[in-house]
Amino acid sequence: MTLYGIPNCTTVKKARAWLAEHGHEVAFHDFKKQGVDAAWLKQVAKQTGWQALLNTRGTTWRKLSDDEKDAAGNEAGAITLMLAQPSVIKRPVLERDGRYHVGFAETDYAALFDL
């Protein structure tokens, strides 16, 4: 299992704490330090939909110009933006058994782990 995100993100912290609390060891991939791979991003987008990956509610998105936001209105543009600015990727992304799960909610994780 791998959890992808940014370590100082509140939601990532909650997901990491939940996983540790429930005895799940997980590798952590830091977007800021380790970057984002285009092939990985396309694979996740194919499975979850690119819209689910694009965080349009965060401060990074709000700081973008209207032109930059418009350019992210399709899959290719959104992926280009996410590669350039990993902070616009919705976090965390949990990879478990070849499946990707975007975001964190205790109820979703409990269901995912059959709790």
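Just so it is clear, none of the values below were taken in a lab; they were calculated from the coordinates. Nothing here was measured: the structure is a model prediction, and the numbers come from that model. Note: ideal-geometry Cβ built from the backbone for every residue, glycine included; neighbour counts use all protein chains shown.
For Y100, no residue whose modelled amide H falls within less than 5 Å of its own remains once neighbours fewer than 5 places apart on the same chain are excluded. With r defined as the distance between the Cβ atoms of K63 and L112 and R0 fixed at 41 Å, what FRET efficiency is calculated, to the nearest 0.05? Efficiency, from the Cβ-Cβ distance: 0.80. Panel order for V12, V88, V26, by other beta carbons found within 10 Å of each beta carbon, from fewest to most: V26, V12, V88. Below 19 Å, Cα to Cα, which lysines can K13 reach? Residues fewer than 8 away in the same chain don't count. Partners found: K32, K33, K90.
Couplings 3J(HN,Hα) for segment 94-107, derived from phi with the Karplus relation 6.51 cos²θ - 1.76 cosθ + 1.60 (θ = phi - 60°), are 9, 9, 9, 6, x, 10, 10, 10, 9, x, 9, 8, 3, 5 Hz, where x marks Gly and Pro. In summary, the chain shows an alpha-carbon radius of gyration equal to 1.05 times the 2.2 N^0.38 Å reference for compact globular proteins.
Seen from K69, the other residues with C-beta closer than 12 Å to its C-beta sum to a net charge of -2, counting Lys and Arg as +1 and Asp and Glu as -1. In this structure the amide hydrogen of H29, modeled in the peptide plane, comes within under 5 Å of the amide hydrogens of L3, Y4, G5, none closer than 5 places in sequence on its chain.
Modelled spin-label separation between E21 and N8, with each label point placed 7 Å from Cα along the Cα-to-Cβ direction: 2.4 nm. Once C-alpha pairs closer than 8 Å and six or more residues apart are averaged by separation and normalised to the residue number of segment 2-112, the relative contact order reads 36 percent.
About its Cα centre, the dipole of the chain is roughly 260 debye, where the only charges are +1 on Lys and Arg Cβ and -1 on Asp and Glu Cβ. In segment 2-112, taking the dipole from charged Cβ atoms about the Cα centre, the farthest positive-side position among F31, Y4, A17 is held by A17.
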